[in-house]
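Here is the structure we will look at.
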């Protein structure tokens with residue numbers, strides 16, 4: 001695997017722009033008469049299941065030459081709408097990244113880092129455009145990190161404070177079901193122990209790209 005560099009940032013931003021292009025401009029204009037403030041009915045439960053991929057913002061550490069791969073991402077959420085534009089609830093997210101140690105001649109597979117994030121979440125849905133409902137959300141919680149080693153010594157990343165901010169779009173198939181796309185950034189910055197040595201700049205922050213379905217009831 002190649003090292004994660006500025007190209008990962010650029011790739012993440014470009015993919016985020018691609019998600020925003022999922023909204024067909026012509027159809028939105030055709031449905032201008034259906035535009036309204038508030039993107040959800042009050043007292044509604046929203047259950048979501050999404051999958052996608054996570055792009056690291058950087059290498060895990062500068063203490064040794066390593067590379068961190070793009071990995072799978074799974075997300076579940078349960079939110080409740082208190083009025084037509086504000087929701088709150090819980091999000092659970094899992095991601096995995098393979099990690100290589102880079103040498104002059106070849107890369108050594110160190111293993112993979114897993115992160116389970118428990119994220120109390122608030123979400124804002126200020127308006128809707130016909131069947132399209134854009135939104136933004138923010139979460140604060142904890143990242144539970146672990147590492148599966150393929151070589152010794154044992155790597156033990158710390159659990160960290162989680163801050164996540166996301167932007168997304170629902171396309172309502174009917175009143176009870178929608179397809180969804182979301183782009184998010186999540187902070188996961190802490191330390192790790194490699195054997196008996198402590199590495200203070202262990203950073204597994206990432207951009208996430210999710211696609212899935214939501215149920216409303």
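Every number here is computed from the coordinates shown, using simple stated rules; none is lab data. All values derive from a computational prediction rather than experimental measurement.
Brief remarks on what is shown
- Normalised by the number of residues in segment 69-206, the average gap of Cα pairs under 8 Å and 6 or more apart makes the relative contact order 16 percent.
- For segment 31-141, the extents of the C-alpha atoms along the principal axes are 62, 29, 21 Å, listed from largest to smallest.
- Binning the alpha carbon pair distances of segment 6-216 at 10 angstrom intervals from zero yields the distribution 8, 33, 29, 17, 9, 3, 0, expressed in whole percent.
- Note that segment 113-214 shows a convex hull volume over its alpha carbon atoms of 99 Å³ per residue.
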